[in-house]
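The values are calculated or read from the model by the stated rules, or taken from the named source; none is laboratory data. Everything quoted here is computed from the prediction, not taken from an experiment. All Cβ positions, even for glycine, are placed from backbone atoms using ideal geometry, and neighbour counts span all protein chains on display.
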Amino acid sequence: MEQDLKIFLEKIKDRSQTYIGYPAATDFNYTELLPFLEYSLNNVGDPYIFSNDMQSKQFEREVLEFFAEYFNAPKNNYWGYVTNGGSEGNLYALYLARELYPNGMVYYSEATHYSIQKNLHLLNMESIVIRSQPSGEMDYADLEETLQMNRHRSVIILANIGTTMTEAKDHVPTIQSILKNYAIKSSYVHSDAALSGSYLPLLGYHDFDFAHGADSVAISGHKFFGSPITTGVVMVKKSYKERIGRSINYIGSLDTTITGSRSGINALIMWYAIKKHGRDGMLRRTMECVENANHLKVQLNALGIPAWTNTNSFTVVFPKATEEICKKWQLASDNDISHVICMPGVTRAMLDAFVEDMKKSKQ
């Protein structure tokens, strides 16, 4: 057993040096939280309702307070919880939207993360796929045309705030303007902000939050913040949430989450990351990532490779790399493109080594 673990650890250490194709920060250190791994911390049920002493809900609530301000949630009308990741946050938001509008039609772009289709299948919700622009952003003309044909249905729209391959952002104010133009009263807009939502407010970009038309926002915690365990946060309007909760005597709490039992360690990790970095530290990490993405784009362009980025993005997109390079650098590819995501922990040295490999592949 010890030998198996040793071999696996050495492999992970080695492969982490060329991990630049997927959105996971690697510059974290949670050594101070190790003592808590000796205990079972279960944040069962609603984070705002006491259940027992073996939980970390007080830290979870501080995390939610941070994100309520971060996403301009309406005062005294927000609720959320620390999830297992962005996909669970999206599932919760869609579940909430379905309960609010049982006859609702879901609209999402073709650049949307694959988990959305799975979530819609689980919830048995009808949906229509909207075209994407070349950048990956939603085609609003197609959305407008499609909505005209379904004006008798309530509208549920999933806005991508950082698409999987190109990190494009759907513009929630534009979506709301379209809904207003067609006098659609029964609507719900969810921002899937898995990666980009964690840092965009630091750059002054808020066109996806509650103040700009979103009814809910979900992020992944293990992406920008970094975590050895997948985690995330979902924020919704409290008035919406209260329509679906029910009391469970066994846990002494309301059943308002997807999973019921939830890791108390996840809440501690999110709390620790926020406290350790602070807004200034988060901004420094953000700027370093944006600058690294621009550096990589310039270096690839100098080789004659038409690399590009969306505005305020960590993701550099370019024509699909060779199979050898994709395997070595663990690049994600889709159809004819590949990408590098310059997450916290991806260094200039790593990027320059990657560029050297790309240069060799062209010779």
Could you figure out which of (1) under 21 Å from the mean Cα position of the chain (by Cα); (2) loosely packed, with under 10 Cβ neighbours inside 10 Å isn't true of E38?
-> (1)
Of the residues in the stretch 93-113, those that are closer than 15 Å to V189 by Cβ and either not in a loop (DSSP other than H, G, I, E, B) or not assigned by TED's automatic domain parsing to the domain that holds F210 (or both) come to A93, L94, L96, A97, R98, L100, M105, V106, Y107, Y108, S109
Near pairs, Cβ below 7 angstrom, 6+ apart or cross-chain, from the stretch 159-172 (over 11 Å from D139 (Cα atoms)) to any residue that is hydroxyl-bearing (S, T, Y) and part of a helix (DSSP H, G or I) | I161/S196; G162/S196; E167/S196; K169/S196
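Could you check the stretch 312-333 and list, in sequence order, the residues that are under 23 Å from the mean Cα position of the chain (by Cα) and among the aliphatic types (A, V, I, L, M)?
Step one: of the stretch 312-333, the residues under 23 Å from the mean Cα position of the chain (by Cα) are 312-318, 329-333.
Once the filter is applied, which keeps residues that are under 23 Å from the mean Cα position of the chain (by Cα) and among the aliphatic types (A, V, I, L, M), the stretch 312-333 yields V316, V317, L331, A332.
Among the residues of the stretch 17-35, are any polar (S, T, N, Q), within 20 Å of P201 (Cα to Cα), surrounded by 12 or more Cβ atoms within 10 Å (Cβ to Cβ) and at pLDDT 95 or above?
Among the residues of the stretch 17-35, not one is polar (S, T, N, Q), within 20 Å of P201 (Cα to Cα), surrounded by 12 or more Cβ atoms within 10 Å (Cβ to Cβ) and at pLDDT 95 or above, which makes the answer no.
I want to confirm something. Restricting to the stretch 133-148 and keeping residues that are of a type in the set (G, A, S) and not in a helix (DSSP H, G or I), which single residue is surrounded by the most Cβ atoms within 10 Å (Cβ to Cβ)? Walk me through how you get there before you give the answer.
Our first condition is that a residue be of a type in the set (G, A, S); within the stretch 133-148, this holds for 135-136, 141.
With not in a helix (DSSP H, G or I) added as a condition, the list becomes 135-136.
Working: S135: 17, G136: 23.
Of everything passing the filter in the stretch 133-148, G136 is surrounded by the most Cβ atoms within 10 Å (Cβ to Cβ).
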For the stretch 114-132, name all the residues that are part of a loop (DSSP other than H, G, I, E, B) and over 16 Å from R98 (Cβ atoms).
-> Y114, R131
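Got a sec? Which strands (runs of 3 or more DSSP E) wholly within the stretch 149-256 have at least 2 residues that are modelled with pLDDT under 95 and not small (G, A, S)?
The strands (runs of 3 or more DSSP E) meeting that bar are 246-248, 253-255.
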Restricting attention to the stretch 82-91, does a residue exist that is of a type outside the set (A, V, I, L, M, F, W, C) and farther than 21 Å from G260 by Cβ?
-> no
Enumerate the pairs (first residue in the stretch 285-314 and of a type in the set (A, V, I, L, M, F, W, C); second residue anywhere and surrounded by 14 or more Cβ atoms within 10 Å (Cβ to Cβ) and in a helix (DSSP H, G or I)) with beta-carbon separation below 6 Å, excluding pairs fewer than 6 apart on the same chain, so at least 6 apart or on different chains.
-> L296/L351; L303/K359; A307/K297; A307/L300; F314/C289; F314/A293
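Conditions (1) loosely packed, with under 15 Cβ neighbours inside 10 Å; (2) out of contact with any Lys or Arg (no Cβ under 8 Å at 6 or more places or on another chain); (3) not small (G, A, S), marked per residue:
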| residue | (1), (2), (3) |
| --- | --- |
| A321 | no, yes, no |
| I325 | no, yes, yes |
| W329 | no, yes, yes |
| D334 | yes, yes, yes |
| T347 | no, yes, yes |
| D352 | yes, yes, yes |
| E356 | yes, yes, yes |
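Going by the structure shown, is G89 in the same structural domain as L268 (by TED's automatic domain parsing), under 17 Å from the mean Cα position of the chain (by Cα), not in a helix (DSSP H, G or I) and not polar (S, T, N, Q)? Steps first, please.
Numbers: in the same structural domain as L268 (by TED's automatic domain parsing): yes; under 17 Å from the mean Cα position of the chain (by Cα): yes; not in a helix (DSSP H, G or I): no; not polar (S, T, N, Q): yes.
For G89, the condition - in the same structural domain as L268 (by TED's automatic domain parsing), under 17 Å from the mean Cα position of the chain (by Cα), not in a helix (DSSP H, G or I) and not polar (S, T, N, Q) - is not met.
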Scanning the stretch 53-63 for residues that are surrounded by fewer than 23 Cβ atoms within 10 Å (Cβ to Cβ) and in contact with a strand residue (DSSP E or B) (Cβ under 8 Å, 6 or more places away or on another chain), the one nearest to W271 (Cα to Cα) turns out to be Q55
What residue, of Y95, Y48, Y101, is surrounded by 13 or more Cβ atoms within 10 Å (Cβ to Cβ) and within 23 Å of the chain's Cα centre (by Cα)?
-> Y95
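Which residues, counting only those in the stretch 121-141, are under 20 Å from S186 (Cα atoms) and out of contact with any Asp or Glu (no Cβ under 8 Å at 6 or more places or on another chain)?
Within the stretch 121-141, the subset under 20 Å from S186 (Cα atoms) is 123-130, 140.
Selection gives L123, N124, M125, E126, S127, I128, Y140.
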